[in-house]
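Chemist: Just dropping this structure here.
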Amino acid sequence: MVVDCIFCKIIKGEIPCTKIYEDSKTFAFLDIGPATPRGGHILVIPKNHYELITDLKDSDLIALTKTVKKISEALLQYGEGLNIIQNNKKVAGQFVPHLHFHLIPRFENDGFIIDRWSSNKYKEGEIDKIAGKIKSLLK
Ligand code: AMP
Ligand code: ZN
């Protein structure tokens, strides 16, 4: 529990939320500002406080993935499709520093805009250089 973390406070019941599911390691609730007008946008979080996906302990990984899958099964029936998004750091759109997965049910013409990015092109030789750099960073 991190004292000033809004999601830690939601888990503890100190801030109200619309809870969808809870087990010993994970918690799922409706995002207060759904990404589409049809709603049903759910946040799935670990009860232990981690900021980034890379902070997550292996001991919480399976439980979190299972809850993401469980909620996804419901949302794929609620909506027509589903996006799962997980932001890391401000530059990537993370505003709440408690690791969370956005599960966003999708509908035809639902107005959701960030699921299409403009496709860029690698310059000559650049693709191998970048792949080499990333591979060298793998642990
Ligand atoms: P991110 O930008 O990935 O950090 O997403 C944070 C999400 O938390 C946003 O989609 C907010 O709408 C949502 N959010 C913030 N405060 C609350 C709250 N009190 N209850 C439910 N969702 C919240
Ligand atoms: Zn927290």
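The values are calculated or read from the model by the stated rules, or taken from the named source; none is laboratory data. This structure is a prediction, so every number in the text was calculated from the model and none was measured. Ideal geometry is used to build each Cβ from the backbone, glycine not excepted, and the neighbour counts take in all protein chains shown. All accessible areas refer to the heavy atoms of the entire protein, side chains included, with ligands and DNA or RNA removed. Shrake-Rupley method; radii C 1.70, N 1.55, O 1.52, S 1.80 Å.
Chemist: Give the list, by residue number, of cysteines in the chain with no other Cys Cβ closer than 4.7 Å, or say none.
Modeler: That list is CYS17.
Chemist: Probe of 1.4 angstrom, ligands and nucleic acids ignored: what's the accessible area per residue over the chain, in square angstrom?
Modeler: That works out to 70 Å² for each residue.
Chemist: Under a Cβ-only charge scheme (Lys and Arg +1, Asp and Glu -1), can you give me the dipole magnitude of the chain about the Cα centre, in debye to the nearest 20?
Modeler: Details: 20 positive and 17 negative charges, 70 e Å.
Here the chain has a charge dipole of around 340 debye.
Chemist: Next question, about the same structure. Quote to one decimal, in nm, the extra length available between SER118 and SER24 on full extension: 0.36 nm per residue of separation minus the C-alpha distance between them.
Modeler: 29.8 nm
Chemist: Between their Cα atoms, which of LYS47/LYS90; LYS9/LYS66; LYS66/LYS121; LYS69/LYS135 are more than 26 Å away from each other? Present the calculation step by step, with values, prior to reporting the outcome.
Modeler: Values: LYS47/LYS90 22 Å; LYS9/LYS66 23 Å; LYS66/LYS121 36 Å; LYS69/LYS135 29 Å.
Distance filter (> 26 Å) returns LYS66/LYS121; LYS69/LYS135.
Chemist: Under 5 Å between amide hydrogens, which residues at least 5 positions from TYR50 or on another chain qualify, with H placed 1.01 Å from N in the peptide plane?
Modeler: For TYR50, the qualifying residues are LEU99.
Chemist: Sticking with this structure for a sec: If you roll a 1.4 angstrom probe over the protein chains with everything in place, what fraction of the accessible area of the chain belongs to carbon and sulfur, to the nearest %?
Modeler: 56 percent
Chemist: For a bin width of 10 Å, list the pair-distance distribution of the chain built from all Cα-Cα distances, rounded to whole %.
Modeler: Result returned by the calculation: 10, 35, 32, 18, 5, 0.
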